[in-house]
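What follows is calculated from the coordinates using simple rules that are stated; it is not laboratory data. Given the structure is predicted, the values throughout are model-derived calculations rather than measurements. So basically every Cβ, Gly included, is an ideal-geometry build from the backbone, and we count neighbours across all protein chains shown.
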Amino acid sequence: MGKFRNTDSIHAPTLEEKGKVRNQAVTLPILSEKQVSLTIKREDLIHPLISGNKFRKLKYNLIESHRKGFDTVLTFGGAFSNHIAATAYAGKLQGLKTVGIIRGHELAEKWESNPTLRSASDQGMQLEFVSREAYRDKENPSYLKYLQHRFGPCYLLPEGGTNPLAVKGCEEILTPSDADFDVICCPVGTGGTLAGIINASLENQQILGFPALNGGFLSEDIRNFARKENWELVDDYHFGGYAKVTGELVHFINDFKKRTCIPLDPIYTGKMVLGIFELIKKDYFPPKTRILVVHTGGLQGISGMNIHLKKKNLPALDL
Ligand SMILES: *Cc1c(COP(=O)(O)O)cnc(C)c1O
């Protein structure tokens, strides 16, 4: 230890002051036809690798690991995990060692052709591939103890990075000038980001979460962290489950980018934005509704997804 670490470099306000995170209004015929407005909060512009919400979730955790004197951060994730990519890069910036416990033993032989894992390793993350079975133990205290023994004392971050400090970081996504929006939309994985947005919202704002996975267990997790009741989950746009992608979704994302110049990722934000436009078409939002959409990032995963889409003979996402 004793290494200088610049914790300032992970402060969101620093980036915001540089004007990197902006609300961008979208203009499309369907919006004027239905008399609703749609604005995208470009959290994806924070950084290409420490994208959007993963930056927010890491911020206070890295400060805490520094305060507690750890020089290693250990976390968990799958082969395309934005959290793994973000942790690897943020760790490098902070002079911290990083260890990634990666789901899937079979990846040990082919991880170098996976862009996410490749980039994490290039940032200095030590990758440890475990079977799906072993990975299921990722919250088991005795397994965590074993990992601490194996890799030395480390600051542990759960899969997806969600914990109370992550939620605190996500409470900084909304700013006072967002008070004018009626509806705020956000994609949901573990729900930590949504919880932060709920906590920072006003009672009269309606918060809509769009789960990227198929399963009803999320509400409870969100309730653990959220301090308000002004939210609901829209469960119809996960496209069959986590990281499941269809030709329709690819077409929507490519078309949206052509029309707005805003890139979306296929796992979270693409599904959500497609869902929002479906709801607009169905007159779910009354005229004059002002909608804010949080673009949580995730763009680093596109090249990896394209390799997968090619194998499945599906069209590619435009880069
Ligand atoms: C991880 C992630 C989410 C989900 O965040 P949670 O806090 O786990 O709900 C949403 N969007 C993107 C781009 C992500 O990488």
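Data overview
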| read-out | value |
| --- | --- |
| Chymotrypsin sites (Phe, Trp or Tyr not before Pro) within the stretch 255-305: DSSP coil, no more than 13 neighbouring Cβ in 10 Å | none |
| Protection proxy ranking of 44-52, 114-122 - average other beta-carbon atoms within 10 Å, highest first | 44-52, 114-122 |
| In the stretch 53-161, lysine pairs with alpha-carbon atoms under 20 angstrom apart (chain gap of 8 or more, or interchain) | 15 |
| Cβ-based exposure ranking for 231, 111, in which fewest neighbours within 10 Å come first | 111, 231 |
| Added length on full extension, which subtracts the Cα-Cα distance from 0.36 nm per residue, residue 232 to residue 27 | 71.2 nm |
| Under 16 Å from the residue 257 label point (7 Å along Cα→beta-carbon), backbone N, the stretch 33-65 | 44-45, 48-49 |
| For peptides 144-150, 177-183, sequence by mean Cβ density within 10 Å, most packed first | 177-183, 144-150 |
| The stretch 81-182: relative contact order as a whole-number percent, Cα under 8 Å and 6+ apart | 27 percent |
| Amide H contacts of residue 293 (H built 1.01 Å from N, under 5 Å, at least 5 apart or other chain) | 39, 40, 41, 185 |
| Radius, Kirkwood style, for the stretch 222-292 when every pair of distinct Cα atoms is counted (Å) | 13.8 Å |
| Sparse-neighbour loop sites [GluC sites (Glu not before Pro); the stretch 55-159; at most 13 other C-beta within 10 Å; DSSP] | 106, 139 |
| About the Cα centre, charge dipole magnitude for the chain (Lys/Arg +1, Asp/Glu -1 at Cβ), debye | 660 debye |
| Cα-based Rg and Dmax for the stretch 183-319, where Dmax is the largest Cα-Cα distance (Å) | 15.1, 46 |
| Alpha carbon convex hull of the chain, projected area averaged over orientations, nm² | 16.0 nm² |
